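Comments concern the structure below.
Just so it is clear, none of the values below were taken in a lab; they were calculated from the coordinates. Keep in mind the model is a prediction, meaning the values are calculated, not measured. With ideal geometry, Cβ positions are generated from the backbone for all residues, glycine too; neighbour counts draw on all protein chains shown.
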Amino acid sequence: MDQFTINLLFVGGSFALYFGIAFWARAGSTKEFYVAGGGVHPVLNGMATAADWMSAASFISMAGLIAAGGYANSTFLMGWTGGYVLLAMLLAPYLRKFGKFTVPDFIGDRFYSKTARLVAVACLITASVTYVIGQMTGAGVAFSRFLEVDKSTGLVIAAVVVFFYAVLGGMKGITYTQVAQYVVLIIAYTIPAVFISLQLTDTFIPAVGLFSTHTESGLPLLQKLDEVVRELGFRDYTADVDNKLNMVLFTLSLMIGTAGLPHVIIRFFTVPKVADARWSAGWALIFIALLYLTAPAVASMARLNLLTTIYPSGPTEQPIEYAERPDWVQTWETTGLIKFEDKNGDGRVQFYNDVPAFQDEATARGWEGNELVVNRDILVLANPEIANLPGWVIGLIAAGGLAAALSTAAGLLLAISSAISHDLIKGSINPNISDKGELKAARISMFVAIVVATYLGMNPPGFAAQVVALAFGIAAASIFPALMMGIFSKRVNSVGAISGMLAGLGSTLVYIFLFLGWFFIPGTASFANTPDNWLFGISPLSFGAIGAVINFVVAFTVSSMTEEPPKEIQDLVESVRYPQGAGEAVDH
Amino acid sequence: MSDHNTNAEKYWQANLRLILGSLVVWALASYGCAILLRPMLSGIHIGGTDLGFWFAQQGSILVFIVLTFFYAWKMNKLDEEFGLQE
């Protein structure tokens, strides 16, 4: 059986499973559509949260980013897990106690203002749409690889599948499908990692292998990797970072962004009790950590494997000849994600860091420029092939990558469509809409969201994980502070919260647009996106943390100059603080 | 009624203390050991690199898990102590 057929079987099989579950658990009422009826067990919810959370960015892009950046990109590992600590302690239990369907529901009630609710809807939609772009790009890469089509076609196929899948499910269908998708993605991620860890370090657990001895050289794995990359002009894998301020702010943006992402928060509305919401955050983190502890091992081992493939006799010897390149290089070349150009015409593949500092060394070796360009996003998908693993492992990876992208896309589309149908249409435009009408509106808004996401996915402002990082900045600067102040302060009033959110969101967007182009339209950036141009060395991706501080400061200042919230709102704040009498999630 | 208020007040204060303590550990593991204090900890070797690298790629995640479960366990106990459980 050829690889294409195997891939098709694995992906087709997993899709059949998801469609089956989604059909079995399809939503009949708005309550089932928005919060899965409110009766999901905390462990299952933890698993669904993990699948919802771990996106194409986590599954496909993250290890590639860490492989390329080494220590410097540990920010993704800490940022995307540390937010769950904040979520568990600062938001989830209280929002569960509040017991409504959506995040703008809480903001609208707590800040007793339709405007606040609408601002929250705008923030939510901006963050979620940005985030969906990353998913679409990732799914496009996965489809283009296993169906052997170009990236844009892959993207359109992904869009069509996600659309049918999310519309059928609703939160109830999505939850149980996500449990299945978690199982698929974690198996798909772990199996090749275990094989590769055994090959390189004789260690069964990849996370342990990362800090063990590289069997072939007898050196610690990370030391070996440092030596190999150094020979080729790259920075040491474990090298420290100079700009610590930016590293701290970027990690912080990812953490508070995680805690402020609506599609994650609404998952905690589906458990029966406040105590369950707390446990559920812990379970989610455990299920997430299974992948996040494996990812750095995959990153370093894949980087080493890739370099060993190109320099079979070591980095100081001649690289392989192009004519003798492995099959996987050829298959990835057809997708355009690996590019080779024989600059010095010697028929060999010179792959190194083409920087001025390495110029002399390169010239001495007769090299006239780096000849191989490998897209970072393919690292996890190509990993089993690089390590010569059997064909079924490759099929499994394809199914896993798609499970990750689709489960997150579905969760995001649900958050977007519930914001539009529940908060915008039922909450503002037409409060008398019937349950059936609201369901229909939710499904139509999903369609619009996916068309927009697909267009932007074709013209993305960066790599999948970085596009996602933008969504985090927005969630961090607008939604997280508003929710936290709503729970922990009785003094913050509606004017304060609205001006805070607008100031946080506005400043973050402006800072991002200045460097990445206004509304991400190519060529409209005001400054080149280089560290020299950044304010105090803060990258546009790290600005969310600053935006959050601006939000807090503006909200408190404005609130202190205006009237305190009415008595019933202060009572509402009291009531969300104590678990007693939570009851189930209810409509207005 | 005033009894209920002081009870609730105490519960909320205990919660705030617990959150503050947990967040100190949270920040120490990630922003501390993994980033800002890494140069200071570079003398401690672990698997071909140093302790700061370990915290950045593994240690902090383990600390986060322990913190989240500790908080859930402790708070659910507090709920019962103060008679505020569901």
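Here are some notes:
- Principal axis dimensions, largest first and in whole angstrom, of region A:65-154 by Cα: 52, 33, 19
- Computed log₁₀ I(q)/I(0) - Debye formula, equal Cα scatterers, no solvent, region A:102-239, q 0.09, 0.10, 0.21 Å⁻¹: -0.55, -0.66, -1.17
- Candidates A:Val573, A:Ile205, A:Ser280 compared by Cα position along the dipole of the protein assembly as shown: farthest toward the positive end lies A:Val573, with charges placed on Cβ.
- The Rg/Rh ratio for region A:467-547 is 1.06, where Rg is the radius of gyration of the alpha carbons and Rh is the Kirkwood radius.
- Cβ crowding within 10 Å averaged over residues, with A:395-408, A:207-220, A:338-351, A:543-556 ranked highest first: A:395-408, A:543-556, A:207-220, A:338-351
- Neighbouring Cβ atoms from other chains, within 10 Å of the Cβ of residues in B:66-77, number 6 on average.
- With K and R counted +1 and D and E -1, the other residues having a Cβ less than 9 Å from that of A:Phe340 yield a net charge of -2.
- Neighbour-count ranking [beta-carbon atoms within 10 angstrom, fewest first] of A:Val40, A:Val510, A:Val558: A:Val510, A:Val558, A:Val40
- Shape box of region A:323-460 [Cα atoms, principal axes, largest first, Å]: 77, 38, 21
- Region A:250-313 - Rg over Rh from alpha carbon coordinates, Kirkwood radius: 1.23
- Take the Cα radius of gyration of region A:1-99 and divide it by 2.2 N^0.38 Å, N being the number of residues; the result is 1.45.
- Other protein chain Cβ atoms within 10 Å, averaged over every residue that makes up A:244-250: 3
- Size descriptor for region A:170-317, Kirkwood hydrodynamic radius: 18.2 Å (Cα pairs only, one decimal).
- Using the empirical formula 2.2 N^0.38 Å as the baseline, the Cα radius of gyration of region A:4-61 reaches a ratio of 1.41.
- Above 23 Å, the calculated P(r) of region A:491-588 contains 48 percent of its Cα-Cα pairs.
- Only Lys, Arg (+1) and Asp, Glu (-1) charged, at Cβ; the protein assembly as shown dipole about Cα centre in debye: 1940
- Helix A:391-418 axis versus longest C-alpha principal axis of chain A: approximately 30°, rounded to the nearest ten.
- Volume in Å³ per residue [convex hull over Cα atoms, computed for chain B]: 89
- Positive end of the dipole of chain A (Cβ unit charges, origin at the Cα centre): among A:Val11, A:Phe519, A:Ala399, the Cα lying farthest that way belongs to A:Phe519.
- Using alpha-carbon coordinates, inclination of helix B:2-27 to the longest axis of chain B, degrees: 0
- Neighbouring Cβ atoms from other chains, within 10 Å of the Cβ of residues in A:61-73, number 1 on average.
- Beyond 20 Å in Cα-Cα separation lie the following of the pairs A:Lys97/B:Lys74; A:Lys97/B:Lys77; A:Lys273/A:Lys490; A:Lys31/A:Lys567; A:Lys273/B:Lys10: A:Lys273/A:Lys490; A:Lys31/A:Lys567; A:Lys273/B:Lys10.
- Stokes-Einstein D (µm²/s) once Rh is taken as the Kirkwood radius of the protein assembly as shown over alpha-carbon pairs, at 25 °C in 0.890 mPa s: 96
- Exposure proxy ranking, count of Cβ atoms within 10 Å, fewest first, for A:His263, A:His41, B:His45, A:His422: B:His45, A:His41, A:His422, A:His263
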